[in-house]
Amino acid sequence: LSPKSAQVQGVYDFVVDTLGASKIATLTELDTSSLFSGARDNLEILGASADGGEPTLAVEDYTYSGILEPSEQLTMIRSALGKLKKSGVRVWAPNGYAEGTRRVLKEARKLGMCDAGYQILMFSGVFDCILANPKCPSADGAVVETDEDLLYCMRGSVSFFQLSKDGALYEGVSGRIGARMGIPPEDVSVWAYTLYESVYLYAPRDRASE
């Protein structure tokens, strides 16, 4: 993603113009922050004032560790969420791998941070892993998510990634990817579409059709 991409601009417009927010917060899995910083950084770039004045959108960061034992990680998540809630920021993003993000959302539900008045953004494109499907099973090995806390928090959240495999944008794409991988089109992972789009957008023009 880049600051000029339609996905980033669309989320920025939604946060600033529709929600009227001037600040967002992230709760990032510290040990993987470099993997998931793109969307966060690009929103900050869009929000920066060209003349160095007050930004139209500022980003406040909170962290937790992804290499701790689950009980220790949970303590760190609870502390960070408490600080985030106390800050008064109401637009926030859990930012990390699915397993940690699941814990974050479950704790956020207890604190009312998935309720009306809050808006959750999903930076890292882990929707499928959180809600679980055969291509990206949940942390407990289930294929279909039934956890009411997770489902509650995911409803109304905003992602940078299109998750469906239908519509004009993807017509014919699943067949081409499937042929390349030697699998039926219906078995192509949703994540493969993001990879396909990246290659298509950035490959040399004379090779993009390959």
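Taken together, the values in this text are just the output of simple stated rules run on the coordinates, not laboratory data. Only a predicted model underlies this, so the values are computations on that prediction, with no experimental measurement involved. A quick note on method: Cβ atoms are made from the backbone with ideal geometry, for glycine too, and the neighbour counts reach across all protein chains shown.
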Subject >> Local net charge near G88, Cβ-Cβ under 13 Å (Lys/Arg +1, Asp/Glu -1) >> reply: +4
**OP:** For region 14-120, state the semi-axes of the equivalent ellipsoid (square roots of 5 times the eigenvalues of the alpha-carbon gyration tensor), sorted largest first and rounded to whole angstrom.
**Re:** 25, 16, 11
Original post:
Net charge near R40, counting Lys/Arg +1 and Asp/Glu -1 over other residues with Cβ under 12 Å of its Cβ?
Top reply: -4
